[in-house]
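Undergrad: Below: one structure in C-alpha cells.
Rule-based calculations on the coordinates, nothing more; no lab input. Owing to the predicted nature of the structure, the values given are computational and were not obtained by experimental measurement. Don't worry about glycine lacking a Cβ; one is built from the backbone with ideal geometry, like all the others, and counts go over all protein chains shown.
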Amino acid sequence: MKREDIRVCILRVGGTNCDAETQTAFEALGVQAEILHANDVVKRGNLMDYDALVFPGGFSFGDYVRAGAIWAKWLVAKLSKELKAFFDEERPILGICNGFQVLVEAGFLPAFDGITQYPEAALATNHPPGYHCRWVYLKHENRGKCVFTCNIQEGKVLRMPVAHAEGRFLFPKEKEELYLERLYDNDQLVFRYCDKNGNPADGVYPINPNGSFHDIAGICNPEGTVLGLMPHPERAFYWWQQPDWTRQTLMPFYGDGKLIFEGLIEYLEKKF
Amino acid sequence: MKFRLKVEVGLKPGHSDPEGETAARLLKELGYKVERVNVSKVYTILLEAGSKNEALLRAEEMCRRLLANPTKDNYTITVEEEK
C-alpha cells in the first residue's frame, strides 16, 4: 500500500481531545487522516473504508461510570461487527490515553485469547490520586511483536507526557502474576515507566505517575496490531512541543511520539 | 411492575482506594478517629420487570455489562417494588 493512499480514521465523541494533534501528526507523515464523529461512522457504515483506527485521548462521556467505559460499551453495541472485522484483518488500532481505557473496557486489550466480552484489566484511579499532567520516561520493552514500535530498539527510553486521572493499570489480584507472565510470553508488554536512564520506576511516584502495576504504561494484543498507551505520542511529535525546547540549542526536528505513528504507517505500507 | 434497584459498586478487597485514603487522611486531620474509608458508587435505577427475580437478574447483567469492571469491582444489589 502506498503511503499517500493510507486512510486513518480518528474517532471522536463528546469529551474527546487531541484528535486535531493526532490528525496533524499523521498528515505530517504523508497519510490521509480524518476526524469522524462516532455517530457519523455508524450512520454511514463506512468504518471499513479506513486502514487504521485511532481512539484519541480525552474524557469521553465525561468519564462517567469509569473512564472509557461508556464509549466502550457504546462501541460494542453499535459497531461490534466492524470493529471485530478490523481486529481480525489485523488493521492497526491505536488507543491513546482515554483511547487505551476504551480498548481495555471493550475487551480489545489485553485480549490474550481474542476480544473478550468483559474487561480482563482495568485503568483505575491514579495512586497518588488526582489528575497528573507531566512528562514521563518510557522504556520500550517489546521484542518486535508490536507493529507500532517494531522500529524502536528494545530498551530504548522515550519521553512523552501523560495527562490523566485514571491510568493505574491493573489485573485482577488473583491473576496478576499469571497475566503478567502471559504479557511477557506473548510479547505484549510495550512500554513501562522508567527514569531517564531506563531504570524501572518500581512503582515510585512521580517516575511511575499513577501507581500502575509493574509500571505498565502501554500494552498490545498478542498479534501486535492493537496498541493502547496512557502517554500521548501526539503531544511529543515536534521538537517545540517538548518541555525543554527553550533551554536546548539544537534538538531533533521530531520528538519521540513520531516513532509510534511512523511504525503504524510502515506496517500498513509493508503488509497491505 | 416497576422496581427500584439500588446497585452499589465498590472495590474488591486488596485493591487500593486512593480516593478513600485521601478522605481518611483529611478526616483524621479534622480530629476523627477514622481507621479506613472505602469509596463506592451507588446507582438507583427504576426498572420495569415481570418479577422481583427478573429485576435482580437484569441488574446483575447491568453490572457485568457496564457498571462494574470485574478486574477490580464488587457489587451489591437491592431490589424493592416501586409502589
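Undergrad: Filter the range A:1-41 down to the residues that are farther than 18 Å from A:TRP240 by Cβ and β-branched (Val, Ile, Thr) and list them by number.
TA: Hits for the range A:1-41 are A:ILE6, A:VAL8, A:ILE10, A:VAL13, A:THR16, A:VAL31, A:ILE35, A:VAL41.
Undergrad: I've got another one for you. Being in contact with a helix residue (DSSP H, G or I) (Cβ under 7 Å, 6 or more places away or on another chain) and loosely packed, with under 12 Cβ neighbours inside 10 Å narrows it down to one of A:PRO252, A:PRO233, A:PRO243, so name that one.
TA: Details: A:PRO233 fails: loosely packed, with under 12 Cβ neighbours inside 10 Å; A:PRO243 fails: in contact with a helix residue (DSSP H, G or I) (Cβ under 7 Å, 6 or more places away or on another chain).
One residue alone meets the criteria, A:PRO252.
Undergrad: Report whether or not A:GLY224 is touching a Cys at 6+ places or on another chain (Cβ under 7 Å), assigned to a loop (DSSP other than H, G, I, E, B), under 18 Å from A:LYS139 (Cβ atoms) and away from chain B (no Cβ under 14 Å).
TA: Numbers: touching a Cys at 6+ places or on another chain (Cβ under 7 Å): yes; assigned to a loop (DSSP other than H, G, I, E, B): yes; under 18 Å from A:LYS139 (Cβ atoms): yes; away from chain B (no Cβ under 14 Å): yes.
Judged against the criteria, A:GLY224 is a match.
Undergrad: Could you tell me how many of the residues in the range B:1-36 are under 18 Å from A:TYR64 (Cα atoms) and away from every other protein chain (no Cβ under 14 Å)?
TA: Going through the range B:1-36 one residue at a time, the tally reaches 1.
Undergrad: Now, a different point. Could you list, in sequence order, the residues of the range A:187-213 that are over 18 Å from the mean Cα position of the chain (by Cα) and more than 14 Å from chain B (Cβ to nearest Cβ)?
TA: A:ASP195, A:LYS196, A:ASN197, A:GLY198, A:ASN199, A:PRO200, A:ALA201, A:ASP202, A:VAL204, A:PRO206, A:ILE207, listed by residue number.
Undergrad: Considering only residues that are of a type outside the set (A, V, I, L, M) and more than 18 Å from A:CYS133 (Cβ to Cβ), which ones fall in the range A:155-168?
TA: Going through the range A:155-168, the residues of a type outside the set (A, V, I, L, M) turn out to be A:155-156, A:159, A:161, A:164, A:166-168.
Of everything in the range A:155-168, those that are of a type outside the set (A, V, I, L, M) and more than 18 Å from A:CYS133 (Cβ to Cβ) turn out to be A:GLY155, A:LYS156.
Undergrad: Kindly indicate whether any position in the range A:199-216 is surrounded by 23 or more Cβ atoms within 10 Å (Cβ to Cβ) and β-branched (Val, Ile, Thr).
TA: Yes, the range A:199-216 contains a residue that is surrounded by 23 or more Cβ atoms within 10 Å (Cβ to Cβ) and β-branched (Val, Ile, Thr).
Undergrad: Mind checking which pairs have a first residue in the range A:232-250 that is within 20 Å of A:ALA217 (Cα to Cα) and a second that is of a type in the set (Gly, Ala, Ser) and assigned to a helix (DSSP H, G or I), Cβ under 7 Å, 6 or more apart or different chains?
TA: That search, which allows pairs on different chains as well, returns A:GLU234/A:ALA25; A:PHE237/A:ALA25; A:GLN242/A:ALA236.
Undergrad: Sticking with this one: Do we find a residue being within 14 Å of chain A (Cβ to nearest Cβ), among the aliphatic types (A, V, I, L, M), closer than 29 Å to A:THR125 by Cα and touching a Gly at 6+ places or on another chain (Cβ under 8 Å) anywhere in the range B:37-44?
TA: Yes, the range B:37-44 has at least one match.
Undergrad: Need the failing condition index for A:GLY62 against (1) within 29 Å of A:TYR131 (Cβ to Cβ); (2) assigned to a strand (DSSP E or B), just the number.
TA: Unmet condition: (2).
Undergrad: In the list B:LYS28, B:LYS72, which residue meets the criterion of being surrounded by 12 or more Cβ atoms within 10 Å (Cβ to Cβ), more than 25 Å from A:TYR118 (Cα to Cα) and among the charged types (D, E, K, R)?
TA: Details: B:LYS72 fails: more than 25 Å from A:TYR118 (Cα to Cα).
On inspection, the qualifying residue turns out to be B:LYS28.
Undergrad: (1) in contact (Cβ under 8 Å) with a residue 24 or more places away in the chain; (2) on the phi < 0 side of the Ramachandran plot: which one isn't true of A:TYR184, the others all being true?
TA: Exception for A:TYR184: condition (1).
Undergrad: When the residues of the range A:29-79 are narrowed to those that are away from chain B (no Cβ under 14 Å), β-branched (Val, Ile, Thr) and within 16 Å of A:GLY95 (Cα to Cα), which ends up surrounded by the fewest Cβ atoms within 10 Å (Cβ to Cβ)?
TA: Once the filter is applied, the top-ranked residue is A:ILE35.
Undergrad: Counting only residues that are surrounded by 15 or more Cβ atoms within 10 Å (Cβ to Cβ), touching a residue at least 60 places away in the same chain (Cβ under 8 Å) and either among the basic types (Lys, Arg) or more than 14 Å from every other protein chain (Cβ to nearest Cβ) (or both), how many does the range A:123-167 have?
TA: Adding up the residues that qualify gives 19.
Undergrad: Just for the range B:45-83: of the residues that are of a type in the set (Asp, Glu) and farther than 21 Å from A:VAL76 by Cα, which one is nearest to the other protein chains (Cβ to nearest Cβ)?
TA: Among residues in the range B:45-83 that are of a type in the set (Asp, Glu) and farther than 21 Å from A:VAL76 by Cα, the one nearest to the other protein chains (Cβ to nearest Cβ) is B:GLU48.
Undergrad: For the range A:83-105, does any single residue satisfy the condition of being assigned to a strand (DSSP E or B), among the β-branched types (Val, Ile, Thr) and either touching a His at 6+ places or on another chain (Cβ under 6 Å) or more than 10 Å from every other protein chain (Cβ to nearest Cβ) (or both)? Spell out the reasoning first.
TA: Quick first cut of the range A:83-105, residues assigned to a strand (DSSP E or B) only: A:93-96.
Narrowing the set further to residues that are among the β-branched types (Val, Ile, Thr) leaves A:93, A:96.
Checking the rest, the ones that are also either touching a His at 6+ places or on another chain (Cβ under 6 Å) or more than 10 Å from every other protein chain (Cβ to nearest Cβ) (or both) come to A:93, A:96.
For the range A:83-105, residues assigned to a strand (DSSP E or B), among the β-branched types (Val, Ile, Thr) and either touching a His at 6+ places or on another chain (Cβ under 6 Å) or more than 10 Å from every other protein chain (Cβ to nearest Cβ) (or both): present.
Undergrad: Let me ask something additional. State the number of residues belonging to the range A:28-76 that are more than 22 Å from A:PRO231 (Cβ to Cβ) and among the β-branched types (Val, Ile, Thr).
TA: Count: 5.
Undergrad: I need a count of the residues in the range A:56-83 that are among the hydroxyl-bearing types (Ser, Thr, Tyr) and either under 22 Å from A:VAL162 (Cβ atoms) or within 15 Å of the chain's Cα centre (by Cα) (or both). Spell out how you get there, then give the answer.
TA: Here is the first cut: in the range A:56-83, the ones among the hydroxyl-bearing types (Ser, Thr, Tyr) are A:60, A:64, A:80.
If we keep only those that are either under 22 Å from A:VAL162 (Cβ atoms) or within 15 Å of the chain's Cα centre (by Cα) (or both) as well, we get A:60, A:64.
Residues flagged as among the hydroxyl-bearing types (Ser, Thr, Tyr) and either under 22 Å from A:VAL162 (Cβ atoms) or within 15 Å of the chain's Cα centre (by Cα) (or both) within the range A:56-83 amount to 2.
Undergrad: Identify, please: which residue in the range B:49-59 is in contact (Cβ under 8 Å) with a residue 12 or more places away in the chain, exposed (fewer than 15 other Cβ atoms within 10 Å of the Cβ) and of a type outside the set (S, T, N, Q) and is, among those, nearest to A:GLU120 (Cα to Cα)?
TA: Only one residue tops the list, namely B:LYS52.
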